[in-house]
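I have placed the structure first, in the form of structure tokens, so that the comments after it can refer back to it.
The values are calculated or read from the model by the stated rules, or taken from the named source; none is laboratory data. From a predicted model like this one, the values you see are computed outputs, not experimental measurements. Heads up, the Cβs are rebuilt from the backbone with ideal geometry, glycines too, and the neighbour counts pull from every protein chain shown. Calculation scope for accessible area: heavy atoms of the full protein, side chains included, ligands and nucleic acids excluded. Shrake-Rupley method; radii C 1.70, N 1.55, O 1.52, S 1.80 Å.
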Amino acid sequence: MTQSASPASLTTPLADLQINCDRLLHRIDQLAQIGAIAGGGVCRLALTDEDKAGRDLVVSWMQELGLTITIDQLGNVVGTRAGLVAGAPVMTGSHIDTVATGGRYDGNLGVLAGLEIIATLNEHHIQTQHPLAVAFFTNEEGARFHPDMMGSWAFSGGLSSDAALAEVGIDGTTVAAELTRIGYAGMVPCGSQPVKAFVEFHVEQGPVLEQAGVQIGAVTGVQGMSWQELTVTGVSNHAGTTPMSLRHDAGYGASAIAVAARELALSMGGNQVATVGAMQLKPGLVNVIAKEARMTVDLRNTDAALLRQAEAQLAEQIEAIAQKAGLNVTSRSLARFEPVTFDPVMVEQVVQTAQVLGYSAKRLPSGAGHDAGMIAAIAPTAMIFVPSVNGLSHNIKEYTAPEDLANGSNVLLQVLLQLAKPNSV
Ligand code: HGY
Ligand code: MN
Ligand code: MN
């Protein structure tokens with residue numbers, strides 16, 4: 001666990017400095033054109049041609065802003081603005097890969113707001129004591145290659161780059177081959193870049209801030225998550241001639257497991273959630289009893305013990321379903337992260353900075369996983385949320401109002417200045 005950040009002075013001589021929201025909106029719109037899908041959404045799965053195009057655009061903006069760019073072995077990109085003293089940077093950033101039906105703010109906002117802050121400091125000729133860096137991490141979504149937060153986990157030394165590079169995606173490609181193909185297999189060893197402090201700006205992706213009518217979320221941490229792939233094996237047979245008592249129906253088994261997962265989460269209550277997001281049946285024909293079902297189960301809870309309890313109870317129920325239906329079920333872990341608590345001093349800094357700037361603020365845990373959850377292992381870390389309209393995300397209708405984008409960016413600007421210490425102007 002990293003030591004707590006010392007409380008940086010909240011009042012900086014630049015408290016009335018603001019970002020240029022039109023320029024930020026323009027960059028968000030330009031990046032969203034890459035991998036654009038009907039309805040205003042974005043599909044830029046990690047390491048695809050669309051991800052490459054998005055990476056190239058963001059790297060070109062980093063170059064225009066005069067940042068020194070590094071690319072590590074897993075394609076994590078860091079743009080660094082020199083400080084008056086050398087050393088580990090104060091870092092912000094997030095990810096620019098998306099899910100297949102993503103929105104334009106998830107991840108992208110945190111990277112582009114970081115670049116907007118660099119542009120603002122450049123045009124006002126403001127230097128900082130410590131270097132400032134903006135990063136985008138590889139494969140935060142984990143939709144094509146598991147686990148999620150792969151790049152930031154390796155960046156923070158938690159995942160070996162060899163293991164990550166060898167990972168085979170849902171389409172049979174490997175991370176190594178795809179990184180090389182898109183030209184982002186960097187030379188910098190993962191885990192070799194120190195970070196002084198990390199602040200990630202992100203849309204909430206949930207309903208809490210909107211329902212509370214609060215402008216800024218000071219994120220206290222990230223809930224634990226458990227992803228598994230289940231393979232349910234039965235016997236294919238004729239849909240018409242096979243009596244119900246003789247069936248070993250993998251389709252039924254997968255469906256019963258999906259119902260059990262949902263009912264387990266509802267019975268546990270609290271923060272427990274359960275999702276079956278993917279399910280494929282084989283042979284997948286109307287008149288053939290399925291011999292195999294592959295499905296994913298995503299369990300999450302802010303409490304480590306309750307998450308383990310959910311995993312154990314679901315495993316028992318799966319065993320009972322398999323017994324009753326004469327099926328075999330195997331499980332493969334796709335991702336497993338304990339809950340993370342962010343640096344309380346920095347969380348307080350986000351709250352106070354928001355209030356000094358005149359915004360309402362609320363502490364809340366993150367329901368979604370984030371790169372900040374990985375970087376917290378190597379540096380004092382905090383996150384800033386802004387409201388998601390109707391709490392929607394991982395949905396093409398994901399939306400956050402420009403005013404909220406600006407509010408959160410200005411809080412990020414001030415927190416980064418407090419941490420990197422602007423040269424007296
Ligand atoms: O799944 C998540 O929470 C994140 O979007 N990767
Ligand atoms: Mn995200
Ligand atoms: Mn996401």
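Which condition does ALA133 not pass, out of (1) closer than 28 Å to GLN272 by Cα; (2) among the aliphatic types (A, V, I, L, M); (3) more than 16 Å from ligand 2 (Cβ to nearest atom), if it passes all the others?
(1)
Taking the condition open to solvent by 40 Å² or more (accessible area, probe 1.4 Å), modelled with pLDDT of 95 or more and closer than 17 Å to LEU299 by Cβ, does GLU210 pass? Let's see the steps before the verdict.
On the way: open to solvent by 40 Å² or more (accessible area, probe 1.4 Å): yes; modelled with pLDDT of 95 or more: yes; closer than 17 Å to LEU299 by Cβ: no.
For GLU210, the condition - open to solvent by 40 Å² or more (accessible area, probe 1.4 Å), modelled with pLDDT of 95 or more and closer than 17 Å to LEU299 by Cβ - is not met.
Is it the case that THR220 is open to solvent by 10 Å² or more (accessible area, probe 1.4 Å), polar (S, T, N, Q) and in a strand (DSSP E or B)? Quick ask: steps written out before the conclusion?
Details: open to solvent by 10 Å² or more (accessible area, probe 1.4 Å): yes; polar (S, T, N, Q): yes; in a strand (DSSP E or B): yes.
Yes.
Please give the helices (runs of 4 or more DSSP H) falling wholly within segment 138-207 in which 3 or more residues are more than 16 Å from ligand 2 (Cβ to nearest atom).
Working: elements: 150-155, 161-166, 175-181.
Result: 161-166, 175-181.
Based on what the data block shows, is THR296 within 16 Å of ligand 1 (Cβ to nearest atom), touching a residue at least 40 places away in the same chain (Cβ under 8 Å) and either under 27 Å from PRO147 (Cβ atoms) or open to solvent by 10 Å² or more (accessible area, probe 1.4 Å) (or both)?
On the way: within 16 Å of ligand 1 (Cβ to nearest atom): yes; touching a residue at least 40 places away in the same chain (Cβ under 8 Å): yes; either under 27 Å from PRO147 (Cβ atoms) or open to solvent by 10 Å² or more (accessible area, probe 1.4 Å) (or both): yes.
For THR296, the condition - within 16 Å of ligand 1 (Cβ to nearest atom), touching a residue at least 40 places away in the same chain (Cβ under 8 Å) and either under 27 Å from PRO147 (Cβ atoms) or open to solvent by 10 Å² or more (accessible area, probe 1.4 Å) (or both) - is met.
Hey, can you tell me all the residues within segment 211-245 that are of a type outside the set (Val, Ile, Thr) and in contact with a helix residue (DSSP H, G or I) (Cβ under 6 Å, 6 or more places away or on another chain)?
GLN215, GLY217, ALA218, GLY224, SER226, GLY234
With more than 16 Å from ligand 3 (Cβ to nearest atom), open to solvent by 30 Å² or more (accessible area, probe 1.4 Å) and in contact with a Lys or Arg (Cβ under 6 Å, 6 or more places away or on another chain) as the only criterion, which of SER236, SER160 stands out? I'd like the intermediate steps shown before the answer.
On the way: SER160 fails: in contact with a Lys or Arg (Cβ under 6 Å, 6 or more places away or on another chain).
Answer to the check: SER236.
Restricting attention to segment 401-419, does a residue exist that is of a type outside the set (D, E, K, R), open to solvent by 40 Å² or more (accessible area, probe 1.4 Å) and modelled with pLDDT of 95 or more? Explain how you work it out, then say what you get.
Going residue by residue through segment 401-419, those that are of a type outside the set (D, E, K, R) are 401-402, 405-419.
Then drop every residue that is not open to solvent by 40 Å² or more (accessible area, probe 1.4 Å), which leaves 402.
Filter again for modelled with pLDDT of 95 or more, leaving 402.
For segment 401-419, residues of a type outside the set (D, E, K, R), open to solvent by 40 Å² or more (accessible area, probe 1.4 Å) and modelled with pLDDT of 95 or more: present.
If you go through segment 66-99, how many residues are out of contact with any Cys (no Cβ under 6 Å at 6 or more places or on another chain), part of a strand (DSSP E or B) and in contact (Cβ under 8 Å) with a residue 60 or more places away in the chain? Give the derivation first.
Here is the first cut: in segment 66-99, the ones out of contact with any Cys (no Cβ under 6 Å at 6 or more places or on another chain) are 66-71, 75-99.
With the extra rule that they be part of a strand (DSSP E or B), the set shrinks to 68-71, 77-81, 90-94.
Next, from what is left, pick out any that are in contact (Cβ under 8 Å) with a residue 60 or more places away in the chain: 70-71, 77-78, 90-94.
Matching residues across segment 66-99 total 9.
Might you check whether a residue that is within 16 Å of the chain's Cα centre (by Cα), within 12 Å of ligand 1 (Cβ to nearest atom) and assigned by TED's automatic domain parsing to the domain that holds GLY83 occurs anywhere in segment 127-138?
Yes - at least one qualifying residue is present in segment 127-138.
Given the structure, is ALA32 over 25 Å from GLU167 (Cβ atoms), touching a Pro at 6+ places or on another chain (Cβ under 7 Å) and at pLDDT 95 or above?
Values: over 25 Å from GLU167 (Cβ atoms): yes; touching a Pro at 6+ places or on another chain (Cβ under 7 Å): no; at pLDDT 95 or above: yes.
No: the conditions fail for ALA32.
Check off (1) free of Cβ contacts under 8 Å to residues at least 60 places away in the same chain; (2) in a helix (DSSP H, G or I); (3) not β-branched (Val, Ile, Thr) for ALA260 and give me the number that stays unchecked.
Status for ALA260: all satisfied but (1).
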